[in-house]
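To start, the structure itself, in structure tokens.
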Amino acid sequence: MSWKEVLKAKSASQKKLERARKTMKRKGLKGFNKPKRVQGKKHSHIVMAKEGNKTKLIPFGQAGVKTNQTAGQRRQFKLRHAKNIKRGKMSAAYWADKVKWNPRKTKEKKNKNWRKGS
């Protein structure tokens, strides 16, 4: 690999990073891996996820749905999406689990029953 090819490859990754930063600015995001609530028809949040050199704009969370009402509801979500949550920061399920299904946000912590709508 010649030094010209190295410079060319480096500039390509820098261009992708610059494009990601422009998208973040346009969407109003504060930084990489920092979710933001949005008003949308399909999704309730967005995040610009970054893992290594890869960046990806990820919309997540169903808009207009009450989530995390009971402990049972939270448990069912985690069971249903466990495989996708394990994929890491580049998956919408990871961010939904971290932001929308956080145990601190559960309204009825002792209720183990599943509630319709999750």
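The values are calculated or read from the model by the stated rules, or taken from the named source; none is laboratory data. Just so it is clear, the structure is predicted and the values come from calculations on it, not from any experiment. All Cβ positions, glycine included, derive from the backbone under ideal geometry; neighbour counts span all protein chains shown.
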> Of (1) out of contact with any Phe, Trp or Tyr (no Cβ under 8 Å at 6 or more places or on another chain); (2) part of a loop (DSSP other than H, G, I, E, B); (3) not charged (D, E, K, R), residue 59 satisfies all except one. Which?
Replying inline: (2)
> Restricting to the stretch 75-106, what's the tally of residues that are outside any helix (DSSP H, G or I) and at pLDDT 80 or above?
Replying inline: 10
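Going by the conditions given, is residue 26 surrounded by fewer than 19 Cβ atoms within 10 Å (Cβ to Cβ), at pLDDT 90 or above and closer than 23 Å to residue 105 by Cα?
It is false that residue 26 is surrounded by fewer than 19 Cβ atoms within 10 Å (Cβ to Cβ), at pLDDT 90 or above and closer than 23 Å to residue 105 by Cα.
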> So which residues in the stretch 80-110 are over 20 Å from residue 45 (Cα atoms) and touching a helix residue (DSSP H, G or I) at 6+ places or on another chain (Cβ under 6 Å), if there are any at all?
Replying inline: 109
> Does the stretch 48-86 hold any residues that are in contact (Cβ under 8 Å) with a residue 40 or more places away in the chain, among the aliphatic types (A, V, I, L, M) and within 24 Å of residue 112 (Cα to Cα), and which are they?
Replying inline: 65, 71
> Restricting the search to the stretch 30-56, which residues are of a type in the set (Gly, Ala, Ser) and either in contact with a Cys (Cβ under 9 Å, 6 or more places away or on another chain) or in a loop (DSSP other than H, G, I, E, B) (or both)?
Replying inline: 31, 40, 52
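Condition check ((1) surrounded by 13 or more Cβ atoms within 10 Å (Cβ to Cβ); (2) modelled with pLDDT of 95 or more) across all residues:
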| site | (1), (2) |
| --- | --- |
| 3 | no, no |
| 7 | no, no |
| 35 | yes, yes |
| 40 | yes, no |
| 49 | yes, yes |
| 57 | yes, yes |
